[in-house]
Every structure is written in C-alpha cells, then in structure tokens.
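The values are calculated or read from the model by the stated rules, or taken from the named source; none is laboratory data. Please read all numbers here as calculations on a predicted model, not as lab measurements. Note: ideal-geometry Cβ built from the backbone for every residue, glycine included; neighbour counts use all protein chains shown. Remember, those area values only see protein heavy atoms, side chains included, never the ligands or the DNA or RNA. Shrake-Rupley method; radii C 1.70, N 1.55, O 1.52, S 1.80 Å.
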Amino acid sequence: MIFPGLKKLGKELGFKNNGTYFYGFINNTYVMFADGANQKNVSFRFPIRLNEDDKKKILSWKKKGYAKSIDFFDNQSFDVYVVFTEYLLPFKISKIKEVIEDITSYIKQKYPQEKSKCSGDNCTETDGLDIFDIDGIPLPMCHSCAKRLENVIENEYEDFKLQPNNYFQGSIAAAVFSIHGILVTFILFLLGRIAGASGLIYFYLTQKGYIWAKGKMNKIGVLIISLISLVYTVVGVYLSYIAVIVKEVLKLPEVNGYQIFEVIKFSFESVKEPEVKKELLTNMYLSLFLCGICILINMVQLLKSTGKVKIKNT
C-alpha cells in the first residue's frame, strides 16, 4: 500500500509508479522508494563505487537523526538502502526529499562525468538503458543483460518443472512438524483465548516440514501446506479442548484413585454431551475463522513467491 505522502513526493520528482515502488533518475543517480511496515524505504544506485568520504557524507543523515538505518550492500557497492522509521505519525516527506536531493546533488557535483550504469552483474554499460520490471522490482538495465537474465530464469524454471514433486513425503513431514503447534493451541486455551496466531504457527511449521522433505513448492505444494494447516487447526482445538477437560476433571476429589487413561476416556465421552459439543464446535468455528484468515494471507503471499519470475520493459 502506498500512502499519500510518497505519492505526492513521486509526483514532485516526476517518478513512475508500478504500484509498489516509485522510481526514476535524479541527476546521474537512480532512486527507488516505497512504503514499508511503519517505515519508508529509499534505495540509491550510484554511477560510481562509493569511497569512504562518500559513505561518511551519506551516513551523516543517520547522525542527524533523519534515517534509522543506512546500509551499504558491500564494501565496494554502487547501492545504498536508507530506512526512515515512523512512530504513530507518518515520517515527514519533506525530510525524505531533503535527503534524496542532498545525496544525489553531492554525487552529481563530485562525479559530473559519470553516468548511471546497468544493474546487471559486472556490467558497466551506460548507454541504451531502460527500466525493466523484474518480478515487481524496477531496475535500470541494458537490453543484453535483460535478455541474459530472462534466459537464465527460463532455464531455471524448466529445471524446476523437471524436479520430482515429492508431494507424499512432503505432506507426511508437514503433518509431523505441525504436531508441535498443538501445544500453542493448548496454551491459548489455558489462557482462555483463541487467536489467529496459532494459524500462523501451523502454517509456518507445515511449510518447514514440507520444505525439509523437499516437497515441490508450486501451487499444489502451497495448497497442501494450507490444507494441512487448516486440518491441524481443527485437530488442535479438539485435542486442546479434551486436555482442558482432563485438567479440570483431575481437580475433582471423586476421581482420586482413577487411572489417567480412565479420566481421558471420560473426557472424550463427555464431548458427546450436547452442551459440551456445542461449546467445542463454537470454539472450532471461531478458530477456523481466525486461523483461516491468517493462513489465507500467508497462502496468497507464498503463491506469489512460487510463480515464474517475469521481466518486462516499463
């Protein structure tokens, strides 16, 4: 989601917008920015490799309290990533603009003859650059590098299609890994709460197990992970509900002398009582609703990451 502040800044700078990022050239520097979780992120791609004086100049904006973090991707990088953190209120767009204009002006004045370079690996081409959208990320690139990257992606995708599906072993491992999530559901029951967080935990554990067993992460794989997560939501509520009943029954003085398996058997049978069954089903429906929302959100995000990477000229 892009908030009005960055939209306004994007228009002021004459930047394009692909729905997530605003991007464009200022002087001889390529700049991209986007909204994040309680922060605004700005990326710079410079026409030269930064030296220590350049880095000190850029880091000064962190010392001034404007930026929360400034990251250089390696010791001899063209790229810098700047994060502006928001606390309750949006970060002032005028400050972000001040930082962008100051840094790009500094680079232009110090290196006036340098031109923006292709972002392809080890490519220093400066002529004939276009902006290519690479799976949603707009980057300046020459047509040769774009074509080369497209061929690499196509070859990797063909190799991926030839890999074994491993759906069965992936499903078994996913189910085994998710058993630990039942403990979380039980703890939530003891606290008298039902939370969508357990859905997230089931999804995470299921995904970990599936990947560990080398299940193919395609649309079918994501569907398997999501379905197992939902099944465990129901199983977790049911077993946790039984465990709570066992815990309460054990407090009764009249059960002294009874073996634990008899108490557990009684607890399972008590679920058949209309009132107890109604309460259990209510908890199941509520858990499925809350956990289902959480699982659905994560399923959509995972589906996006399993699709074929696309490259297009913007």
| request: Could you tell me which of the pairs Lys57/Lys312; Lys11/Lys57; Lys56/Lys92; Lys92/Lys115; Lys251/Lys277 are separated by over 32 angstrom between their Cα atoms in the structure shown? | output: Lys57/Lys312
| field | Where trypsin sites (Lys or Arg not before Pro) fall in DSSP loop in the stretch 1-55, at most 15 other Cβ within 10 Å | value | Arg49
| request: Under a cut-off of 16 Å between alpha-carbon atoms, report the aspartates and glutamates in cross-link reach of Lys62, not counting same-chain residues fewer than 8 places apart. | output: Glu52, Asp53, Asp54, Asp71, Glu86, Glu98, Glu101, Asp102
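Filter the trypsin sites (Lys or Arg not before Pro) in the stretch 210-314 down to the DSSP loop ones having no more than 14 other Cβ atoms within 10 Å, then list what survives.
Counting only loop positions with at most 14 other Cβ atoms within 10 Å, the trypsin sites (Lys or Arg not before Pro) in the stretch 210-314 are Lys214, Lys251, Lys272, Lys308, Lys310.
So, with +1 on the Cβ of K and R and -1 on the Cβ of D and E, and no other charges, what is the size of the charge dipole of the stretch 147-304 about its Cα centre, to the nearest 20 debye?
340
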| Under 20 Å from the Cα of Lys219, which lysines turn up, not counting those fewer than eight places away in the same chain? | Lys161, Lys208, Lys304, Lys308, Lys310
| Of (1) 53, 25, 16; (2) 46, 20, 16; (3) 41, 25, 15, the label for semi-axes √(5λ) of the Cα gyration tensor in Å derived from the coordinates | (1)
| In whole Hz, what ³J(HN,Hα) sequence does the stretch 148-161 give by Karplus (6.51, -1.76, 1.60; θ = phi - 60°), x for Gly and Pro? | 4, 5, 4, 5, 4, 4, 5, 5, 5, 5, 5, 5, 5, 5
| message | What do you get for trypsin sites (Lys or Arg not before Pro) in the stretch 104-203 restricted to DSSP loop and a cutoff of at most 12 other Cβ within 10 Å of the site's Cβ? | response | Arg193
| query | So how exposed is Leu281, as accessible area in Å² (1.4 Å probe, rounded to 10)? | reply | 60
| Structure-based [θ]222 nm, the chain - -39500 (n - 2.57) summed over DSSP H runs of at least 4, per residue, nearest 500 | -18500 deg cm²/dmol
| field | Residues listed by number, the stretch 271-304, amide nitrogen under 17 Å from Val246 label point at 7 Å toward C-beta | value | 271-272
| field | Accessible surface ranking that places the most exposed of His180, His143 first, with a 1.4 angstrom probe | value | His180, His143
| field | Heavy atoms of Met32: accessible area, 1.4 Å probe, square angstrom to 10 | value | 20
